[in-house]
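Single-structure report; data block below.
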Amino acid sequence: MAYNLLKGKKGIIFGALDEKSIAWKTALRCVEEGAEIVLTNAPIAMRLGEINRLAELCNAPVIPADVTSMDDLENLFSKTLEHFGGGVDFILHSVGMSMNLRKGNPYTDTNYDLMHKSLDISAMSLHRVLQTAMKMDAINEWGSVVALSYIAAQRVFPDYNDMADAKSMLESITRNFGYQYAVKKHVRVNTISQSPTRTTAGSGVKGFEGFIKFAEKQSPLGNASADQCADYTVTLFSDLTKMVTMQNLFHDGGFSFTGISHAVIDQMEM
Ligand SMILES: NC(=O)c1ccc[n+]([C@@H]2O[C@H](COP(=O)([O-])OP(=O)(O)OC[C@H]3O[C@@H](n4cnc5c(N)ncnc54)[C@H](O)[C@@H]3O)[C@@H](O)[C@H]2O)c1
């Protein structure tokens, strides 16, 4: 069901890799709600070609950008400004990657070059996006920026590896840049802390299947799906949430505030 919540709004969606991606679902949902969008992803992800299918469905141009490259980001914003004939109203940062995690390097025996890359791609990139947008005045008054986080920013999930540190930094950048952008142009910046979700990035985490099943039992409402995450993101891009900024918003079926659930206790007693 669509409510025209984003009618007349324009935005950039980072991170749609395939139809499982949170960004993919969000792109479709934004268009359904009346928005016009530009899609972007790393040049390497373009080679999979899937994003062109989404571009057709959304009637959106695709502008490649590696989030660790300032040149790419400047190019993305200048082409987007040209395409829309003005600034954007929302940005989804749905980007994350850890080679330490992918290679199975233990957290206590990390490769620091790879850790640096994890932090750059998954956290500093939000700063790069916001700084570039601010310098180019690319986000309209009362615009909204959402990035995706995970509860490993606050609690220990041992196999989440250096992505836990990246998510802590991402949430910190959200607060600190969120302050600056609110004062300067009423732009709001938030993270959504999403339930574990079966996507390419999610499934890279060791023991992911056990982990997602545990979260399902521990959450009073069950795990939030990628489609539900897209719905929630739309509300944050809409004018109904104008005074929400610098927040980390849990979208996890109640997982974050549950000490233990009956479903988990029952499992332990078996
Ligand atoms: N899947 C989960 O369980 C889960 C839970 C909470 C938060 N998240 C977060 O949601 C976000 C989206 O992940 P997803 O689960 O949809 O997986 P995904 O693999 O579909 O998306 C990750 C995206 O990051 C992009 N990316 C990687 N390196 C890049 C670079 N250098 N430049 C530009 N883009 C780059 C990939 O191409 C991909 O599109 C990530 O921040 C992830 O950490 C995921």
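We did not get these values from a lab; they are worked out from the coordinates using the rules stated. Being a predicted model, the structure only gives us computed values, none of them experimental. Cβ: placed from backbone, ideal geometry, glycine included. Neighbour counts: every protein chain shown.
Just a few scattered comments:
- Of the criteria (1) in contact (Cβ under 8 Å) with a residue 40 or more places away in the chain; (2) over 16 Å from the mean Cα position of the chain (by Cα); (3) farther than 25 Å from C30 by Cα, which one M268 fails: (1)
- Only one of the listed residues (K184, K167) is more than 14 Å from the chain's Cα centre (by Cα), charged (D, E, K, R) and either more than 30 Å from K10 (Cβ to Cβ) or assigned to a helix (DSSP H, G or I) (or both). That residue is K184.
- Considering region 1-13, the residues that are without any contact (Cβ under 8 Å) to a residue 40 or more places away in the chain and farther than 13 Å from T235 by Cα include one that is surrounded by the fewest Cβ atoms within 10 Å (Cβ to Cβ), namely M1.
- Residues of region 187-219 satisfying the condition of being in a helix (DSSP H, G or I), touching a Ser or Thr at 6+ places or on another chain (Cβ under 9 Å) and of a type outside the set (S, T, N, Q): A201, E209, I212, A215, E216, K217
- Near pairs, Cβ below 7 angstrom, 6+ apart or cross-chain, from region 14-36 (farther than 23 Å from T68 by Cβ and in contact (Cβ under 8 Å) with a residue 60 or more places away in the chain) to any residue that is among the polar types (S, T, N, Q) and near the ligand (Cβ under 6 Å from one of its atoms): K20/T199; K20/T200
- Only residues that are touching a His at 6+ places or on another chain (Cβ under 7 Å) and either within 16 Å of the ligand (Cβ to nearest atom) or assigned to a helix (DSSP H, G or I) (or both) were counted across region 126-144, and they come to 2.
- The residue of region 189-212 that is nearest to L249 (Cα to Cα), among those that are more than 12 Å from the ligand (Cβ to nearest atom) and buried (at least 22 other Cβ atoms within 10 Å of the Cβ), is N190.
- Per the listing M270, M246, the residue uniquely surrounded by fewer than 19 Cβ atoms within 10 Å (Cβ to Cβ), farther than 30 Å from N4 by Cα, out of contact with any Pro (no Cβ under 9 Å at 6 or more places or on another chain) and aliphatic (A, V, I, L, M) is M270.
- Screening region 28-62 for residues that are touching a strand residue (DSSP E or B) at 6+ places or on another chain (Cβ under 9 Å) and surrounded by fewer than 20 Cβ atoms within 10 Å (Cβ to Cβ) and picking the one that is farthest from A230 (Cα to Cα) gives M46.
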